1. Based on Cα positions only, what radius of gyration and what Dmax would you give for region 1-103, in angstroms?
2. Considering every Cα-Cα pair within the chain, what fraction, in whole percent, is farther apart than 22 Å?
3. Count neighbours as other Cβ atoms within 10 Å of each site's Cβ, and list the GluC sites (Glu not before Pro) in region 11-112 that are DSSP loop with at most 10 such neighbours.
4. Between VAL185 and SER48, what's the calculated FRET efficiency when r is the beta-carbon distance and R0 is 45 Å? Round to 0.05.
5. What is the angle, in °, between the Cα long axis of helix 144-156 and the longest principal axis of the Cα atoms in the chain? Nearest 10 is fine, range 0 to 90.
6. Tell me, LEU73, LEU144 in order of fewest to most beta-carbon neighbours within 10 Å?
7. Calculate, in nm to one decimal, what PHE71 and LYS25 gain on full extension: separation in residues at 0.36 nm each, minus their alpha carbon distance.
8. Using per-residue counts of other Cβ atoms within 10 Å, averaged over each peptide, order 48-55, 204-211, 15-22 from highest down.
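Just so it is clear, none of the values below were taken in a lab; they were calculated from the coordinates. Fair warning: this is a prediction, and the values are worked out from it, not measured in the lab. For neighbour counting, all protein chains shown are included, and Cβ atoms are generated from backbone atoms with ideal geometry for every residue, glycine included.
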Amino acid sequence: MRHYPTILKWNNPVVPVPMVMFDRKEIGTVRKVGFDSPPWLQTGAIESSFDFSGRMLELISDISQNCPEFFNLDPNKILVTITRARNFRLHGLQARVTPMRFEGGNLQCKRGNRNYEVQQYYVDGREIYYLVTFCLPRFQDQTLENKLVTVFHELYHISPEFNGDLRRHQGRCAWHTHSKKSYDVQMLHMAREYVATTRKPYLHDFLRVDFAQLIHKHGGINGSVVPLPRLVPTARPAKVS
């Protein structure tokens, strides 16, 4: 039986967070034309690959400062990661949020007769409470509006207490209330309000282009990639952190 550490730490530049890179080879099989993006869009230095995780975290930080529904977020405790889609279809997993704690912010839970502790992640000394993961190229190939709705959708899953747990709704539909459609309509209103009021509109410029355009402009897209947290058996008594 494999034993997993209860704590994983990454410290740049000695032990950096693992990265994955998408390069121009990724777009050769998708299409042959239409790679150019509008020159006025501010997506960063052309001579370097696009840092998806870094820019998305900047966007999340701006959302947390401008949208009252997200004032609870602490971007320093969020790690944005990317994962590779299995195919080029537009339908399927777009993004997900992974909590690093159990219900109520507990580090431990009991299953059967055993206590389990969820792994804790630290990046440059900061404990990570949530992983927000985007599936590429699928996410980047959605419309601007759909991409923004997805971002807001995932962020709204985060607990109002920002304790490492997810937001829980009343009834059997704990994650999306009684209707995912009405949930997404609510997210759309929030996203439109944000776009209309932010003082840093350039932060979501990268969402105005698709996957192929972004790679063509920057030569590549890179992002953080870490394993999903595992449950580790523990003999320690359950506690709330």
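1. For region 1-103, the Cα-based Rg and Dmax read 17.6, 55 Å.
2. On the way: 16504 of 28920 pairs.
So the portion of pairs separated by more than 22 Å is 57 percent.
3. On the way: sites: GLU26, GLU47, GLU58, GLU69, GLU103; in loops: GLU47.
Loop-located and lightly packed - GLU47.
4. On the way: r = 38 Å, r/R0 = 0.84.
Given R0 = 45 Å and the Cβ-Cβ separation, E is 0.75.
5. Here the helix axis deviates by roughly 10 degrees.
6. Going from least to most buried by this count: LEU144, LEU73.
7. On the way: separation 46, 0.36 × 46 = 16.56 nm, distance 4.00 nm.
So the extension gain works out to 12.6 nm.
8. 204-211, 48-55, 15-22
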